[in-house]
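Engineer: Encoded as structure tokens, here's the structure I'll be asking about.
Readers should treat all values here as calculations from the given coordinates under stated rules, not as data from a laboratory. Predicted model, so just to flag it, every value in this text is computed and none were measured. We place every Cβ from the backbone using ideal geometry, glycine too, and count neighbours over all the protein chains shown.
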Amino acid sequence: MGRRIASILSVLFLLGLFGTLFSAPAMAQQMADRCAACHLGLADQRLARPAKVFREDVHASKGFGCVACHGGDTEAAGMEAMDRAKGYIGKPDRKQITRLCGRCHSDGRFMRQYNPSLRVDQEAEYYTSVHGQRLRQYGDTKVAVCVSCHPAHLIKPPSDPRSSVHPLRVAETCAHCHADSQYMQPYKIPTDQFQKYKESIHWKTMSVKGDLSAPTCNDCHGNHGAAPPGMTWVGNVCGQCHSVMAELFAKSPHAKIFARMGTPGCATCHSNHDVKETDDNKLGLENESVCAGCHSAQDKGGKTAATMRSLVDSLRSASERAGALLLQAEHAGVEVSQAQFELNGAKDALVKARAVVHSFSPDLVKKEVEPGLGISTKAHARGVRALDEIQFRRKGLAVSVVIILCLIVGLVIKIRSLEREKVDET
Ligand code: HEC
Ligand code: HEC
Ligand code: HEC
Ligand code: HEC
Ligand code: HEC
Ligand code: HEC
Ligand code: HEC
Ligand code: HEC
Ligand code: HEC
């Protein structure tokens with residue numbers, strides 16, 4: 001009891017101090033929220049920090065104060081502000097939090113006043129996720145709740161680079177739990193997703209190239225878990241962005257077979273978290289190929305793999321050879337830019353052929369490869385002609401140099417004989 005009085009007294013003392021501190025006009029708004037004013041002065045960081053950081057929170061910028069979530073009386077300056085009779089709820093329990101946020105965020109009419117385009121299904125979606133289901137069914141409070149991903153008092157829109165849910169920061173936010181093997185120990189699921197994702201082409205594309213269209217955790221798993229992992233979904237999620245491959249794959253023999261084998265679609269060959277850059281070595285039956293894991297040179301799949309690989313190889317090497325020849329000609333000063341431009345057609349065909357690999361049909365791959373080979377042959381012929389031209393020019397140059405030299409020599413002889421005649425005369 002005595003301790004309580006002492007703490008109230010110290011608070012009152014601090015209030016007096018803050019009364020003077022907050023007289024600056026800039027602090028006028030903060031003053032309006034007496035909860036924050038008192039909390040700012042408390043020595044216990046657990047109590048003071050929320051008030052300090054809240055100034056940067058999206059809710060503060062929309063004019064909300066502490067009572068928007070905690071209830072209580074904003075007008076009261078003393079401890080009576082936190083009166084349960086005035087709706088004060090204290091520190092919300094983890095199980096309460098989704099409803100606390102959902103009270104506004106699931107209310108379309110209320111939210112429209114602020115931002116008509118903001119979705120209002122976060123709470124509903126959350127309960128379709130593994131997180132939400134475990135919270136509801138087992139009361140498991142170790143799962144993520146709203147404030148695990150949107151830290152209370154420092155919530156920012158996803159577009160803000162400082163936000164915990166900005167594309168470049170989501171992975172870290174999830175990793176707080178999912179990369180913590182001790183925390184995740186009871187669940188017996190891998191804790192390597194973050195580490196693997198950081199090595200993927202997707203993260204590289206995002207972090208090095210700054211291309212935010214590459215996926216991070218929530219692009220594949222849903223912002224609020226609307227798409228729980230599952231067989232059919234796995235193929236779909238990659239297909240959102242790689243639609244050409246996904247369509248071809250869906251019609252291929254593997255689609256049904258993999259489903260029956262219980263093997264995830266794209267991830268069977270590319271993995272899910274550490275998706276790497278691909279190259280033609282992945283195709284065929286050699287060491288690095290993904291096909292060799294299940295096929296051999298004897299079965300039909302293996303033969304097909306080898307055929308497709310040799311088709312792709314033939315186009316790649318033809319296009320490279322033509323390109324090298326044209327470059328040589330260009331360096332020698334022959335105008336070949338038109339031919340170089342046309343050779344891009346072969347490179348496009350190569351890109352298409354690599355995509356059509358996902359049909360696992362050699363005929364379809366051949367259909368893309370053949371026109372590319374035609375273009376390469378034409379470009380190669382142009383390169384050969386350009387080099388012939390250079391040869392011809394060189395020969396021409398040699399002949400003219402010889403003629404000029406002869407003329408010079410003739411002239412010199414002539415001059416000498418003229419000079420000798422002059423000397424003889426005198
Ligand atoms: C006069 C100073 C003062 C005012 C005004 C004040 N608080 Fe507090 N608040 C405290 C102190 C001291 C504590 C810690 C002691 C306690 O829990 O009773 C605290 C505790 C809290 C806690 C944490 C409770 C917990 O269980 O951990 C919350 C949340 C809180 N206050 C919110 C508010 C809100 C919302 C308002 C405004 C309606 C407000 N406070 C007004 C001083 C104040
Ligand atoms: C958008 C809703 C929201 C607003 C606005 C809000 N809080 Fe909180 N606050 C929460 C939630 C949710 C928690 C529980 C966080 C948790 O469990 O990690 C919390 C926790 C707290 C705690 C306990 C911290 C702890 O670590 O135990 C204090 C103290 C507190 N808030 C004070 C304030 C004060 C002061 C303000 C105004 C400056 C404020 N809050 C504004 C949602 C809010
Ligand atoms: C009192 C109503 C209310 C409560 C309670 C509330 N919010 Fe908000 N929230 C809003 C409003 C209004 C906005 C501003 C929307 C806008 O203008 O874009 C907002 C904005 C946000 C944004 C940024 C949205 C964007 O993209 O602009 C996030 C994230 C957010 N809130 C999460 C939460 C979380 C998490 C909680 C619970 C801890 C919570 N909110 C509690 C009303 C509320
Ligand atoms: C597992 C992490 C996680 C949890 C739990 C979570 N969110 Fe989110 N939330 C995100 C991510 C990631 C985004 C960013 C989405 C994007 O980039 O558009 C987001 C975006 C938002 C937005 C901005 C609008 C939108 O829908 O994109 C609001 C509002 C929001 N969350 C509210 C909530 C509320 C309310 C809860 C609890 C019911 C919640 N979130 C729980 C991760 C989470
Ligand atoms: C507060 C800690 C926490 C945070 C933050 C968190 N999670 Fe979780 N997550 C869990 C726990 C605990 C489980 C339950 C594990 C289980 O049952 O297998 C889980 C389950 C999952 C599962 C289902 C795993 C399975 O069993 O197949 C996925 C997927 C998932 N989380 C993705 C995410 C993503 C994506 C984010 C970030 C946007 C995230 N989580 C943030 C704690 C967290
Ligand atoms: C390119 C898409 C993609 C990205 C990005 C991604 N995941 Fe996954 N994740 C998957 C797929 C696919 C599965 C496998 C689901 C299945 O087998 O049912 C999976 C499985 C999981 C699981 C279940 C346990 C496991 O490892 O199999 C967790 C937890 C998880 N992911 C968390 C994360 C986290 C955290 C991130 C970000 C660091 C992330 N994921 C990024 C696609 C992705
Ligand atoms: C949100 C969009 C998005 C999703 C979802 C997505 N990706 Fe990607 N992916 C990209 C982008 C962007 C790149 C990098 C640019 C490029 O090379 O196409 C990329 C690159 C790749 C590459 C490397 C391509 C190369 O040039 O070698 C592979 C392989 C790949 N993704 C496979 C997958 C798989 C498998 C999944 C599902 C588990 C998936 N992606 C999900 C957008 C996405
Ligand atoms: C049976 C194995 C296998 C499956 C299943 C598979 N791929 Fe591929 N994927 C490959 C091989 C092999 C390559 C390399 C082709 C090459 O470079 O010749 C490749 C290349 C790619 C590329 C890069 C293409 C480029 O332009 O270089 C992307 C992107 C891709 N796959 C996405 C996907 C997606 C999305 C799915 C699911 C719809 C998928 N893959 C399913 C084997 C597979
Ligand atoms: C996870 C194992 C697995 C991988 C990896 C795999 N396949 Fe298959 N594939 C199968 C199975 C199982 C069948 C059906 C049985 C069979 O015909 O061998 C099949 C069938 C095929 C067929 C149809 C054969 C027919 O009878 O009509 C072709 C073509 C094929 N695969 C090509 C490929 C190519 C090319 C790759 C590499 C890019 C590849 N596969 C990678 C498992 C795999």
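Engineer: Within region 126-200, list the trypsin sites (Lys or Arg not before Pro) lying in a DSSP loop whose Cβ has at most 13 other Cβ atoms in a 10 Å radius.
Structural biologist: Values: sites: 134, 136, 142, 162, 169, 188, 196, 198; in loops: 142, 162, 169, 188, 198.
The qualifying sites are 162, 188.
Engineer: If you don't mind, another one. For region 342-426, calculate the relative contact order in percent as a whole number, restricting contacts to Cα pairs under 8 Å that are 6 or more residues apart. Walk me through the numbers before you get to the answer.
Structural biologist: Values: 30 pairs, mean separation 22.2, N = 85.
Computed over region 342-426, the figure is 26 percent.
Engineer: Roughly how far apart, in whole Å, are the Cα centres of region 92-158 and region 234-307?
Structural biologist: 38
Engineer: Which links in 62/86; 256/276; 256/347; 196/367; 282/366 stretch past 29 Å when you go from one Cα to the other?
Structural biologist: Where the Cα-Cα span goes over 29 Å, the pairs concerned are 256/347; 196/367.
Engineer: Given the pairs 188/209; 303/352; 303/378, which span a C-alpha to C-alpha distance of over 28 angstrom in this model?
Structural biologist: 188/209; 303/378
Engineer: Still on this model: Note down the relative contact order for the chain as a percent, whole number, built from C-alpha pairs under 8 angstrom at least six residues apart.
Structural biologist: This gives 8 percent for the chain.
Engineer: Right, here's the next one. Sum -39500 (n - 2.57) across every DSSP H segment of at least 4 residues in the chain, then divide by the residue count to get the 222 nm mean residue ellipticity, nearest 500.
Structural biologist: Working: 23 runs with 264 residues, N = 426.
Calculated from helices alone, the mean residue ellipticity at 222 nm is -19000 deg cm²/dmol.
Engineer: Oh, and also: Report the dimensions of the chain along its three principal axes from the alpha-carbon atoms, largest first, rounded to Å.
Structural biologist: 135, 82, 41
Engineer: On the Cα set of region 171-327, report Rg and Dmax in Å, please.
Structural biologist: Cα-based Rg and Dmax for region 171-327 come out at 18.6, 62 Å.
Engineer: Related question: Could you give the dipole magnitude of the chain about its Cα centre, charging the beta-carbon of Lys and Arg +1 and that of Asp and Glu -1, in debye to the nearest 20?
Structural biologist: Details: 54 positive and 44 negative charges, 179 e Å.
It comes to approximately 860 debye.
Engineer: If you don't mind, another one. Just how large is the dipole of region 300-398 about the Cα centre, in debye to the nearest 20, putting +1 at every Lys and Arg Cβ and -1 at every Asp and Glu Cβ?
Structural biologist: I would put it at about 280 debye.
Engineer: Something else about it: What is the distance, in nm, between label points placed 7 Å from the Cα along the Cα-to-Cβ direction at residue 401 and at residue 285?
Structural biologist: According to this spin-label approximation, the distance is 5.5 nm.
Engineer: Over region 71-154, what is the relative contact order in whole percent, taking alpha-carbon pairs under 8 Å and six or more residues apart?
Structural biologist: Numbers: 68 pairs, mean separation 17.8, N = 84.
Over region 71-154, the number comes to 21 percent.
Engineer: Something else now. Based on DSSP loop calls and a cut-off of at most 15 other Cβ atoms within 10 Å, the longest stretch of the chain free of exposed GluC sites (Glu not before Pro) is what?
Structural biologist: Longest stretch, sites excluded: 76-198.
Engineer: Binned at 5 Å from 0, what are the whole-percent values of the Cα-Cα distance distribution for region 300-398, short to long?
Structural biologist: The calculated distribution, bin by bin, is 3, 14, 22, 17, 13, 10, 8, 6, 4, 2, 1, 0.
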